[in-house]
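The values are calculated or read from the model by the stated rules, or taken from the named source; none is laboratory data. Since this is a predicted model, take the numbers as computed values, not measurements. Neighbour counts are summed over all protein chains in view; Cβ atoms, including those assigned to glycine, are modelled from backbone coordinates with ideal geometry.
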Amino acid sequence: MTDVALVFRLGLLCRVPASPPPVIRVSHLRKHFGAHAVVQDVSFELAVGETLVLLGPSGCGKTTLLKMLNRLIEPDGGSVEINGRDVRQQPAETLRRGMGYVIQQVGLLPHYTVAENIGVVPRLLGHAPAAIAARTEALLTRLHLPPARYAGQLPQQLSGGQQQRVGLARALAADPPIVLMDEPFGALDPITRAGIRREFRELEELRSKTVVLVTHDVAEAFELADRILLLNAGRVQQLGTPRELLFRPANDFVRYFFAAERLALQLRTLTLDDVFDNEFLHDANPHTTVHEALETLTGTAVGTTGRFSVAQLMAAFGAALQREEDAWKR
Amino acid sequence: METLTALFAFWHEQAGKLGEQTVQHIGLTAASLLLAVLVGVPLGLWLARRPRWAPAVLGGAGVLQTVPSIALLGFLIPLLGIGAVPAICALFLYALLPIIRNTYEGIRGVPPAVVEAARGLGMTNGQVLRQVELPLALPVLMAGIRTAAVINVGVATLAAYVAAGGLGEFIFGGINLNNPVMILAGALPAAGLALAFDALLGGVQKLSARRLRQAGAALLLALPLLAGGYLLPRATGKLMAGFSPEFVGRADGLPGLTKIYGLTHLPSVVLAPALVYEAAHNAHVDVIDGYSTDGRIRAYGLRVLRDDRRAFPPYYAVPVVRPALLRAHPELRTVLAQLDGQISDSVMTELNYRADYLHEDPKAIAAQFLKQRGLWRAPRPAVAGEPVVRLGSKIFAEQYILIEMYAALIRSQTDLAVETKTGLGATNICFEALRSGAIDLYPEYTGTGLLVLLQPRPAVVDSLGGRPAAVLNYVRTEFRRRYGLEWLAPLGFNNTYALLMRGPQARALGIASVSDLSGYLRQ
């Protein structure tokens, strides 16, 4: 029950008047399908601009949890508040129009053109056609789909990666403060996936949004999340930053969940700032991960590095891991 | 080539009728299709939301589909009478299954991810239905409507059986008259209509999913317009007639009657021969065609209008025999002659009534009749080795009764054995059986002998002028000459075409003959 205690403590912290009120507050959410409890007593809060990744094995209830946020699934118990207001106080459609929604199968309307698909929500909201057209063009351009070429195409003319970008544009079209994503990159091949994920991370549009993203891909979670909610069998196993989950696992499930990819995750989680004292850094960016620094040193990526060798970096990394380990044991 | 010429001649001659029937056919198809769309599409949508009910509803509609169309009409007549209502109702029921099923399958075929995305974006259920599900289901849905339309154009030919009009009037008239040109005259336009409906709906379908609104509007506008054709003002009159297709088509039926009596102002509908009596009985129509000795005349209290100008050829019943039989057994001549002139129209009607309506055994009816006339004697004990007399009949009660009378007379007054061969079907089968010696005797009608078997030139028929004695004399002479067969003496009754009215109505209007009817209509 340490996780619940943690959530509770976080909840208390968030109620300190100085900190901004949570955009999303989920309290004791429950859902049963028949006798099967899919989501059990889940609570969390999200601040503005935060990206929360719902992570867990297949069938852990993460998609159900996501769909309860926009009422595609109605909970059996507990509550969801958006900006302090219970979601059940407004019609589900109104609620959903205020949240972007991206799913794995994309679900573009096959009889609508790319531009019409992107314009769905603004049209539902009654925006002016000219404004919708301008917004569509801007989004397409930003997502590297030149409007002149793509705006009039039908979804089936696009590749999977292009379709997913249109799906993302559609979710962002009405500039919703919240975006929900259900395995948005799940159907793509690894290379396309990495590319789109990078675009996604660098997309200015998304920086200010509060995002809830479902995935079963650990690397993806670590790459995108501000915080991760790790679920198993409908229960929260741990809620925290990637680093907390990796170095301060709340239970055995959390530890074993990352076991297979532990080293890769550690390389991507620890930054130069974590492993080196300042004099080693010089002009190198302290937020560069060890993994990125290694790639630069071995010539697979371009970038500036400090005055250290691979051997020094690895030694410092090993020492940093030991420090984390010791800290956890205490 | 000859058929083609005859076909165009027929269309040219019947252009007015062809147009009217085509409009009616389109009207019936469109009206039933419209109803089926209005009921079937919402039902299909409802099922798509509640798939649990789908097997039951689709199964029910499927059962309807398997009911033979003529039987379905038969079920509907007691409930809805005759006319457009039962016809449209039957067509509607046939159109339901393809429309419900395709709507249901069409909606279920929409990718769930698309629907989920649409809902997730904030579309209401109505918006999801109108902007996502219906447009995407449209091709499948329209395919169902097209199927239903083509089925209905075909089944609508049967509307002619319940007085609802349509191209079936030509088709069934042609079948009854064994007239291929007339069948084609109705069947070809019907086939053309099926193709036209299919093409029209195909056009609507091609409007593509993006123009659902236009497609729906086009459909819901076009169908009532087409159906409206059925409601075009039709001729009305003081009395309404209901005729069988054969009567309308053959020269000595309605066309002859119209010519001879100047029978105008008598609007008519066409319906199945089996239904005309019912229709008159239930006052759906006032004047019908029928046979003058039909048992239903008695059963329904109908009045036979006297054919005072002899428009209908005489159909006097006469036994036709092989002369060899009479030569071998001369005593048969007097035995058979005992029935000469013994059976009047009303007596025969009564006997038919007892067979057809009271379901009495023809043998018992024959025996009872002979007893009344003092002709009944107990059959003699069978003598082994005596020759057999074979009596044939067509398949209806009147003929069964007649040959049972002859059988009883022969068995009781001679030592000859008798074999009855009932159920020889139509005229031609009896006639060929007699010629080949498979039977020795069957009752034939003078008019049938003249028009169906001898088929003389029209000039000859005209020269006979419908006089019973002249016709009998002609067929007797010609049968002797051509086939070596002998017509004996008439039994007395004339089973010919007749116009019939309900007894009370005819009495109230003072109509006893066809001339009276014609006069009344022209008043």
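Given the structure, is A:Asp189 surrounded by fewer than 16 Cβ atoms within 10 Å (Cβ to Cβ), under 26 Å from A:Thr215 (Cβ atoms) and modelled with pLDDT of 90 or more?
no
Would you check which residues across the range A:63-77 are within 14 Å of another protein chain (Cβ to nearest Cβ) and assigned to a loop (DSSP other than H, G, I, E, B) and list them?
Residues satisfying the conditions are A:Asn70, A:Arg71, A:Leu72, A:Ile73, A:Glu74.
Only residues that are within 7 Å of chain B (Cβ to nearest Cβ) and within 17 Å of A:Pro155 (Cα to Cα): list them for the range A:92-105, please.
A:Ile103, A:Gln105
Determine whether A:Arg142 is more than 14 Å from every other protein chain (Cβ to nearest Cβ), charged (D, E, K, R), farther than 19 Å from B:Leu136 by Cα and touching a residue at least 24 places away in the same chain (Cβ under 8 Å).
So A:Arg142 passes the test.
Hey, among A:His111, A:His144, which residue is in a loop (DSSP other than H, G, I, E, B) and more than 25 Å from the chain's Cα centre (by Cα)?
Every option except A:His111 fails the conditions.
When only residues in the range B:120-129 that are over 24 Å from A:Glu183 (Cα atoms), more than 8 Å from chain A (Cβ to nearest Cβ) and without any contact (Cβ under 8 Å) to a residue 60 or more places away in the chain count, which is surrounded by the fewest Cβ atoms within 10 Å (Cβ to Cβ)?
Among those that are over 24 Å from A:Glu183 (Cα atoms), more than 8 Å from chain A (Cβ to nearest Cβ) and without any contact (Cβ under 8 Å) to a residue 60 or more places away in the chain, it is B:Gly126.
Scanning for something part of a strand (DSSP E or B), within 13 Å of chain B (Cβ to nearest Cβ), within 16 Å of the chain's Cα centre (by Cα) and crowded, with 23+ Cβ neighbours inside 10 Å, does the range A:50-59 turn up at least one residue?
no
Tell me whether the range A:26-37 contains one or more residues that are buried (at least 22 other Cβ atoms within 10 Å of the Cβ) and not in a strand (DSSP E or B).
no
Which fully enclosed helices (runs of 4 or more DSSP H) of the range B:289-362 have 2 or more residues being over 22 Å from the mean Cα position of the chain (by Cα) and surrounded by fewer than 22 Cβ atoms within 10 Å (Cβ to Cβ)?
Result: B:323-328, B:331-337, B:345-356.
Are there any pairs, at least 6 apart or on different chains, whose C-beta atoms fall under 8 Å, with the first in the range B:161-181 and over 20 Å from B:Ile77 (Cβ atoms) and the second part of a loop (DSSP other than H, G, I, E, B) and at pLDDT below 85, and if so, which?
Pairs that qualify, where the first residue is over 20 Å from B:Ile77 (Cβ atoms) and the partner is part of a loop (DSSP other than H, G, I, E, B) and at pLDDT below 85, are B:Phe170/B:Gln14; B:Gly173/B:Asn179; B:Leu177/B:Arg250.
If I filter the range B:85-116 down to residues being of a type in the set (Gly, Ala, Ser) and out of contact with any Leu (no Cβ under 7 Å at 6 or more places or on another chain), which single residue comes out as nearest to the other protein chains (Cβ to nearest Cβ)?
Going through the qualifying residues, I end up with B:Ala113.
Residues that are touching a helix residue (DSSP H, G or I) at 6+ places or on another chain (Cβ under 6 Å), within 14 Å of another protein chain (Cβ to nearest Cβ) and either outside any helix (DSSP H, G or I) or at pLDDT below 85 (or both): does the range B:212-221 have at least one?
Checked the range B:212-221: at least one residue is touching a helix residue (DSSP H, G or I) at 6+ places or on another chain (Cβ under 6 Å), within 14 Å of another protein chain (Cβ to nearest Cβ) and either outside any helix (DSSP H, G or I) or at pLDDT below 85 (or both).
For the range B:371-391, state whether one or more residues are part of a loop (DSSP other than H, G, I, E, B), over 24 Å from B:Ile439 (Cβ atoms) and within 30 Å of the chain's Cα centre (by Cα).
No, because not a single residue in the range B:371-391 is part of a loop (DSSP other than H, G, I, E, B), over 24 Å from B:Ile439 (Cβ atoms) and within 30 Å of the chain's Cα centre (by Cα).
Within the range A:149-169, track down each residue that is touching a Leu at 6+ places or on another chain (Cβ under 7 Å) and part of a helix (DSSP H, G or I).
A:Tyr150, A:Pro155, A:Gly160, A:Gly161, A:Gln162, A:Gln163, A:Gln164, A:Arg165, A:Val166, A:Gly167, A:Leu168, A:Ala169
Can you name the number of the only condition in (1) more than 23 Å from A:Gly56 (Cα to Cα); (2) within 12 Å of chain B (Cβ to nearest Cβ); (3) under 18 Å from the mean Cα position of the chain (by Cα) that A:Leu124 fails?
The one condition A:Leu124 does not meet is (3).
Taking B:Ala251 as meeting all but one of (1) surrounded by fewer than 17 Cβ atoms within 10 Å (Cβ to Cβ); (2) in a loop (DSSP other than H, G, I, E, B); (3) more than 18 Å from the chain's Cα centre (by Cα), write down the number of the exception.
Status for B:Ala251: all satisfied but (3).
Answer yes or no: is there a residue in the range B:505-522 that is of a type in the set (Lys, Arg), under 30 Å from B:Tyr300 (Cα atoms) and surrounded by 15 or more Cβ atoms within 10 Å (Cβ to Cβ).
no
Regarding the range A:87-106, can at least one residue be identified that is on the phi > 0 side of the Ramachandran plot and assigned to a loop (DSSP other than H, G, I, E, B)?
So far as the range A:87-106 goes, yes, one or more of its residues are on the phi > 0 side of the Ramachandran plot and assigned to a loop (DSSP other than H, G, I, E, B).
Can you name the residue in the range A:68-79 that is surrounded by fewer than 22 Cβ atoms within 10 Å (Cβ to Cβ) and within 19 Å of A:Ile103 (Cβ to Cβ) and, of all such residues, is farthest from the chain's Cα centre (by Cα)?
So the residue we want is A:Glu74.
Tally the residues that are modelled with pLDDT of 90 or more and surrounded by 17 or more Cβ atoms within 10 Å (Cβ to Cβ), restricting the search to the range A:148-161.
Within the range A:148-161, residues that are modelled with pLDDT of 90 or more and surrounded by 17 or more Cβ atoms within 10 Å (Cβ to Cβ) number 4.
Determine whether the range A:203-210 contains at least one residue that is surrounded by fewer than 20 Cβ atoms within 10 Å (Cβ to Cβ), within 14 Å of chain B (Cβ to nearest Cβ) and not in a helix (DSSP H, G or I).
No, there is no match, as no residue in the range A:203-210 is surrounded by fewer than 20 Cβ atoms within 10 Å (Cβ to Cβ), within 14 Å of chain B (Cβ to nearest Cβ) and not in a helix (DSSP H, G or I).
For the list (1) in contact with a helix residue (DSSP H, G or I) (Cβ under 8 Å, 6 or more places away or on another chain); (2) more than 27 Å from B:Glu404 (Cβ to Cβ), I need the number of the one condition that B:Pro267 fails.
Evaluating B:Pro267 over (1) in contact with a helix residue (DSSP H, G or I) (Cβ under 8 Å, 6 or more places away or on another chain); (2) more than 27 Å from B:Glu404 (Cβ to Cβ) leaves (1) as the failure.
Which one of the conditions (1) more than 7 Å from chain B (Cβ to nearest Cβ); (2) farther than 18 Å from A:Leu172 by Cβ; (3) among the aliphatic types (A, V, I, L, M); (4) not in a strand (DSSP E or B) does A:Val80 fail to meet, given that it meets all the rest?
Against the list (1) more than 7 Å from chain B (Cβ to nearest Cβ); (2) farther than 18 Å from A:Leu172 by Cβ; (3) among the aliphatic types (A, V, I, L, M); (4) not in a strand (DSSP E or B), A:Val80 comes up short only on (4).
When you look at B:Glu404, is it crowded, with 21+ Cβ neighbours inside 10 Å, more than 18 Å from B:Leu325 (Cβ to Cβ), within 26 Å of the chain's Cα centre (by Cα) and touching a residue at least 24 places away in the same chain (Cβ under 8 Å), yes or no?
no
Checking the structure you have, find out if any residue of the range B:458-478 is among the aromatic types (Phe, Trp, Tyr), not assigned by TED's automatic domain parsing to the domain that holds B:Gly256 and not in a strand (DSSP E or B).
Yes, that holds for at least one residue.
Limited to the range A:107-121, what total is found for residues that are at the interface with another protein chain (Cβ under 8 Å from one of its Cβ atoms), over 14 Å from B:Gln127 (Cβ atoms) and aliphatic (A, V, I, L, M)?
Matching residues across the range A:107-121 total 1.
Just one of the numbered conditions (1) away from chain A (no Cβ under 14 Å); (2) buried (at least 24 other Cβ atoms within 10 Å of the Cβ); (3) aliphatic (A, V, I, L, M) is not true of B:Val132; which one?
(1)
With the condition kept exactly as written, say whether any residue in the range B:176-189 is among the hydrophobic types (A, V, I, L, M, F, W, C) and at pLDDT below 80.
yes
Checking the conditions here, which among B:Ala90, B:Ala48, B:Ala117 is assigned to a helix (DSSP H, G or I), surrounded by 17 or more Cβ atoms within 10 Å (Cβ to Cβ) and within 30 Å of the chain's Cα centre (by Cα)?
Unique residue meeting the criteria: B:Ala90.
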